[in-house]
1. Restricting attention to segment 34-62, report how many residues are under 30 Å from residue 7 (Cβ atoms) and not hydrophobic (A, V, I, L, M, F, W, C).
2. If you check 21, 61, 45, 28, which single one turns out to be in contact with a Ser or Thr (Cβ under 6 Å, 6 or more places away or on another chain) and part of a helix (DSSP H, G or I)?
3. Quick check on segment 63-73: of everything there that is loosely packed, with under 15 Cβ neighbours inside 10 Å and out of contact with any Leu (no Cβ under 9 Å at 6 or more places or on another chain), which residue is farthest from residue 3 (Cα to Cα)?
4. Do we have any residue at all in segment 20-42 that's among the β-branched types (Val, Ile, Thr) and under 9 Å from the mean Cα position of the chain (by Cα)?
5. Mind listing just one residue for me: the one in segment 29-50 that is without any contact (Cβ under 8 Å) to a residue 24 or more places away in the chain and closer than 23 Å to residue 62 by Cα and, of those, surrounded by the most Cβ atoms within 10 Å (Cβ to Cβ)?
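Every number here is computed from the coordinates shown, using simple stated rules; none is lab data. Remember, predicted model here, so these are calculated numbers, not experimental data. Here the Cβ positions follow ideal geometry from the backbone for every residue, glycine too, while neighbour counts run over all protein chains shown.
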Amino acid sequence: MADLGLIAIGAGIAVGLTGLGSAIAEAGIGAAAVGAMAENEKLFGKGLILTVIPETIVIFGLVVSVLLWIKME
């Protein structure tokens, strides 16, 4: 039974830390993208794509947590 609790904690940590890391990365990227778009409006598409890329890390964390959740059952 204790193993189930540790798996649940691991799943929560997987999502939480990837979300935190993504937020830290997005803060710098977002600031740089807004600064670049202020100088040249044509960079909007590139800025948007670069802002979304860190979110894929959260998706990986979510996949890991789902795999751990499936292992619990």
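1. Number of matching residues: 4.
2. 61
3. 63
4. Scanning segment 20-42 turns up no residue that is among the β-branched types (Val, Ile, Thr) and under 9 Å from the mean Cα position of the chain (by Cα).
5. First, pick out the residues of segment 29-50 that are without any contact (Cβ under 8 Å) to a residue 24 or more places away in the chain: 30-50.
Right, trim to closer than 23 Å to residue 62 by Cα and you get 30, 48-50.
Working: 30: 14, 48: 11, 49: 10, 50: 16.
The extreme case among them is 50.
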